[in-house]
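The values are calculated or read from the model by the stated rules, or taken from the named source; none is laboratory data. Here the structure is a predicted model, which is why all the values come from computation and not from measurement. A quick note on method: Cβ atoms are made from the backbone with ideal geometry, for glycine too, and the neighbour counts reach across all protein chains shown.
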């Protein structure tokens, strides 16, 4: 009994000592720090908020010109302590106010188009693909909700005259096959050959309605997704001669679904 009592007293003494040491340590290590902010902290934060796209060198220069004596390393360390870090902005087209307004008006106008209205649109685009070292291949193609049109393999630079020849010999037969006597809307981007005055005259003379397209707009053309699939399939093949490549493109393009149901969904998802 005596030994048990001695052990109990010893253990209680040790526990009390540990509690005291814990309280003494936490009293200083876990306390909230007081005191003023570091010199120039507010001025540096104000400089950062005035221009979020400036780099470290520009921020350091403005901070030292504000009367703070600090090295470039100190500037970097202070920015990091405030929660700022280096970022590379996304590459976006530079839009002026007029272009932004046109894009917004276009999106509001087409926002509530039905699937049937989008199904009347025939989309066209060009794809330039190449493998390592051999000749590159430029292809023009068109698609709609009713299917795909024939491919045109372009051997030269696409100017207005060449583009109109493609429309005459490839787009018009495809439209007759896919739409028959029904009206359709033709969609294209604003490449120089597409927006040339002679090309606009060609469309007017043939009575074809072209979907208006604001400059520097987000490319929502569904055919770009189709080109991406075809291009990935071509990149997985061995080097082909031009004629073999033509057959491969034709088979890959005709294999995939050409639904345009997602067009309205992508338009809704695009930020203003």
Is it fair to say residue 193 is modelled with pLDDT of 85 or more, in contact with a helix residue (DSSP H, G or I) (Cβ under 6 Å, 6 or more places away or on another chain) and in a loop (DSSP other than H, G, I, E, B)?
-> yes
Per the filter on region 175-189, residues assigned to a strand (DSSP E or B) and crowded, with 19+ Cβ neighbours inside 10 Å are 186, 187
Out of region 140-157, which residues are touching a helix residue (DSSP H, G or I) at 6+ places or on another chain (Cβ under 8 Å) and either within 20 Å of residue 213 (Cα to Cα) or not in a strand (DSSP E or B) (or both)?
-> 140, 141, 142, 143, 144, 145, 146, 149, 150, 151, 156
Verdict on residue 117 being under 23 Å from residue 230 (Cβ atoms) and either surrounded by 19 or more Cβ atoms within 10 Å (Cβ to Cβ) or at pLDDT below 80 (or both) = no
